[in-house]
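*Asks:* Take this structure first; my questions come after.
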Amino acid sequence: MSLETSDVRQGEELPVESLADFLRRDAGLQGAVQIKQFPAGSSNLTYLIKAGEDEFVLRRPPFGNTVKTAHDMRREFDVLSKLSAIYRPAPKPILFCGDGSVIGSEFYLMERRHGLIIRGRSPKQLENSPDMQRAVCESFIHNLADLHSLDYEAAGLGNLGHPQGYCRRQVEGWTKRYFASKTNEWPELERAITWLNEKIPSESGASLVHNDYKFDNVMLDPDDLTRIIAVLDWEMVTIGDPLMDLGTTLGYWMSPDAGRKMLDMPFNPRVLMENISRKELVEMYAAISGRDASNILYYYIFGTFKIAVIAQQIYARFVKGFTHDPLFATFDPFVA
């Protein structure tokens, strides 16, 4: 359940000596460099870098990346530099490297935070307490509403995105990404694509949106599960419609009738999904934010579709041989 590291996956190794030379030269770090990998991520790659007594997190694009705008390390670094100053859960970035000769791509280092990310079984205190389950969900949703309430202009993030026409760009953009990475025929998914494109709503508002907000990207305080230590994976952050952001969160939230295989996906604690419904999450969000969520069905279906496209893109990378992680071979049934 903790944020564990492992040996680096085959094909995703970093050149230790080149990285060590860079860290000594540009960051003044001393001591031998050790590299481990955080294996749970499936998009940008995340590594633990140890240099002497110092620990950092390194982020780089996936190998075989063909969508640069979706894996822009410079953008992610710049956003976190400003966001971490006004939003406590955002980790603070430390150093950016745009020189591809160091590790084969641009990358950045950020602080390492310590906490609990629930994957698999939940702590007993969560499993055994309905009151704790609701409190943790309320904290989770409150934290998302807090992000949506930030003054992005005052934070210097006003040029991060263009809220006008955001919904249309999202639907049309993810539609294009799906067909660009398509490997198999899924008629039901393509019917949903048609429906989404025919019913695109006007924007309900504008805010910072994380675009991949789920428990798998949230680090909790082990001593107080209602306290969020960090929110991770900011690669898709932009300015847009907050209900589209909520829709993605709902897309990851499986209902009990989805079956054991889907409930066991690591996105959210199973015990929460079995006891707190998507409807209840929406009601929490509406009460906290004051936003009208009466058209939430559209945003939920969009969020589910977007997650399917993300899985499709990852599966396509596996099919093309850009990653050899056997986990990614299972993403095709997930798309289905």
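The values are calculated or read from the model by the stated rules, or taken from the named source; none is laboratory data. Note that this is a predicted model, so its numbers are computed, not measured. Cβ: placed from backbone, ideal geometry, glycine included. Neighbour counts: every protein chain shown. Please note that ligands, DNA and RNA were not included when accessible areas were found on the heavy atoms of the full protein model with its side chains. Shrake-Rupley method; radii C 1.70, N 1.55, O 1.52, S 1.80 Å.
*Asks:* Taking region 305-333 on its own, how many of its residues are basic (Lys, Arg) and part of a helix (DSSP H, G or I)?
*Replies:* Of the residues in that region, 2 qualify.
*Asks:* Next up: Condition (residue is assigned to a helix (DSSP H, G or I), open to solvent by 30 Å² or more (accessible area, probe 1.4 Å), charged (D, E, K, R) and at negative phi) applied to region 98-115: is it met by at least one residue?
*Replies:* no
*Asks:* Considering only region 86-112, state which residues are of a type in the set (Val, Ile, Thr) and more than 26 Å from GLU153 (Cβ to Cβ).
*Replies:* Listed by number, the residues that qualify are VAL102, ILE103.
*Asks:* Same structure again: Pull up region 1-35, narrow it to residues that are among the charged types (D, E, K, R), open to solvent by 80 Å² or more (accessible area, probe 1.4 Å) and assigned to a loop (DSSP other than H, G, I, E, B), then point me to the one that is farthest from PHE322 (Cα to Cα).
*Replies:* By that ranking, first place goes to GLU4.
*Asks:* If the Cβ limit is 6 Å and pairs must be 6+ apart or interchain, which residue in region 87-111 that is touching a residue at least 40 places away in the same chain (Cβ under 8 Å) pairs with which residue that is outside any loop (DSSP other than H, G, I, E, B) and charged (D, E, K, R)?
*Replies:* Going by the 6 Å Cβ cut-off, the qualifying pairs are PRO91/GLU111; SER105/ARG60; PHE107/ARG60; TYR108/ARG59.
*Asks:* Could you give me the residue pairs with C-beta distances under 6 Å whose first residue belongs to region 316-335 and is within 21 Å of VAL8 (Cβ to Cβ), whose second residue is among the β-branched types (Val, Ile, Thr) and not in a helix (DSSP H, G or I) wherever it lies, and which are 6+ apart or on separate chains?
*Replies:* Final answer for the pair search is ARG317/THR323.
*Asks:* Taking helices (runs of 4 or more DSSP H) that do not extend beyond region 172-278, which have at least 3 residues that are among the hydrophobic types (A, V, I, L, M, F, W, C) and modelled with pLDDT of 95 or more? Spell out the reasoning first.
*Replies:* On the way: elements: 187-198, 242-252, 260-263, 270-275.
Fully inside region 172-278 and qualifying: 187-198, 242-252, 270-275.
Okay, residues lined up against (1) among the acidic types (Asp, Glu); (2) in contact with a strand residue (DSSP E or B) (Cβ under 9 Å, 6 or more places away or on another chain):
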{"residue": "GLU55", "(1), (2)": "yes, yes"}
{"residue": "PHE63", "(1), (2)": "no, yes"}
{"residue": "ARG74", "(1), (2)": "no, yes"}
{"residue": "PRO89", "(1), (2)": "no, yes"}
{"residue": "GLU111", "(1), (2)": "yes, yes"}
{"residue": "ASP131", "(1), (2)": "yes, no"}
{"residue": "ALA145", "(1), (2)": "no, no"}
{"residue": "VAL171", "(1), (2)": "no, no"}
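*Asks:* Please list, ordered by first then second residue, the pairs with beta carbon atoms under 8 Å, 6 or more apart or interchain, first in region 183-197 and open to solvent by 50 Å² or more (accessible area, probe 1.4 Å), second modelled with pLDDT of 95 or more and of a type outside the set (Ser, Thr, Tyr).
*Replies:* Taking only residues 6 or more apart or on different chains, the pairs are TRP195/ILE301; ASN197/VAL171; ASN197/GLU172.
*Asks:* What pairs come up if the first residue lies in region 11-22 and is within 16 Å of ARG59 (Cβ to Cβ), the second is of a type in the set (A, V, I, L, M) and in a loop (DSSP other than H, G, I, E, B), and their beta carbons are under 9 Å apart, counting only those six or more places apart or on different chains?
*Replies:* Close Cβ pairs satisfying both conditions: LEU14/VAL8; LEU14/ILE103; LEU19/VAL102; LEU19/ILE103; PHE22/VAL102; PHE22/ILE103.
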